[in-house]
Structures are given as C-alpha cells and as structure tokens.
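Derivation of every value follows stated rules applied to the coordinates shown; laboratory data play no part. Since the structure is predicted, the reported quantities are computational estimates derived from the model, not experimental observations. When we count neighbours, we look across all protein chains shown, and the Cβ atoms used for this are built from the backbone with ideal geometry, even at glycine.
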Amino acid sequence: MSIELLSLYTFCATILFTLFTQAMVLVANSNFAYVSGNRDLPLDNPPAILGRIERTIRNSIEAAVVFAPLVFIAAHSGVSNVITQWSAIIFAGARVLYAISYVLGITGARTLVWNVGVTAIGAFGVGILMG
C-alpha cells in the first residue's frame, strides 16, 4: 500500500474512532434505547463534548470529500513523489490531532492543526500536478 493510501486509511480510521466515541458518549449520557432508536427528539441537556464530536465528524467528512479523491487521482495516475507522500502524512497526522484537540476543546491547537491539514491538501494537489 502506498504512503498516500495508508494516510487515507489512517484518516478513515480516525473518523471511525470518532464515530465510536460519539456512540459511547451518547450511551453514557442517555440510554441504549435512545441510542438505538431514531433520535427524533433531541437529547435533554447534552454535554458540550457531544456537540464537539458532532462538529469534528462533520468537518472530517468535508475534509474527506477533498482529500480522498486527490489520493485516488494520485493512485490511479501512478503519481507518488516526495510532495504527495509527505503532504499525505502531514494531513493524516493533522487530522488525528484535529480530532483529539476538537473533542477535548483545545481551541488554539485545533485551529493550528486544521490549517496545517488544509495546507497539506493544497500541497498534495501541487504534488499531483508535478507528477
């Protein structure tokens, strides 16, 4: 597996772990019937961490919409160079740190690693164009 695809795998695993964390926080703050139901009604007095987890997931999906196609374009085109490899590693690391810092409410770190991740996506795109 290429470094770029491994980085995408790491990012996907981070999203999956965040989804699991969301379920565990929901169970801890409600009951299994609520979690396994339709959740048509909002949770009474949800903890702040639940909102942060939801926003982390939503932002991760937005990032995946941009990053995943670029990784697939690189893989399909046979492009793998120092720029695509390092930007993929940096992106995946930034997204792991982003999820941790956002869920824990560490705002300065969250903003910093978000910017690092976005910059890495841009660099990845440049790496594809450079072949």
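Answer yes if at least one residue in region 40-57 is under 30 Å from Gly125 (Cα atoms) and of a type in the set (S, T, N, Q), and no otherwise.
There is at least one residue in region 40-57 that is under 30 Å from Gly125 (Cα atoms) and of a type in the set (S, T, N, Q).
Taking the conditions (1) part of a helix (DSSP H, G or I); (2) touching a residue at least 24 places away in the same chain (Cβ under 8 Å); (3) over 13 Å from the mean Cα position of the chain (by Cα) in turn, Val27 satisfies each one other than (2). Scanning region 15-22 turns up no residue that is in a loop (DSSP other than H, G, I, E, B) and under 30 Å from Gly131 (Cβ atoms). Annotation: of all residues in region 91-119 being hydrophobic (A, V, I, L, M, F, W, C) and touching a Ser or Thr at 6+ places or on another chain (Cβ under 8 Å), the one that is farthest from Cys12 (Cα to Cα) is Ala109. Kindly check whether there is at least one residue in region 5-22 that is in contact with a Ser or Thr (Cβ under 8 Å, 6 or more places away or on another chain), small (Gly, Ala, Ser) and either under 26 Å from Val66 (Cα atoms) or in contact (Cβ under 8 Å) with a residue 24 or more places away in the chain (or both). Within region 5-22, not a single residue is in contact with a Ser or Thr (Cβ under 8 Å, 6 or more places away or on another chain), small (Gly, Ala, Ser) and either under 26 Å from Val66 (Cα atoms) or in contact (Cβ under 8 Å) with a residue 24 or more places away in the chain (or both).
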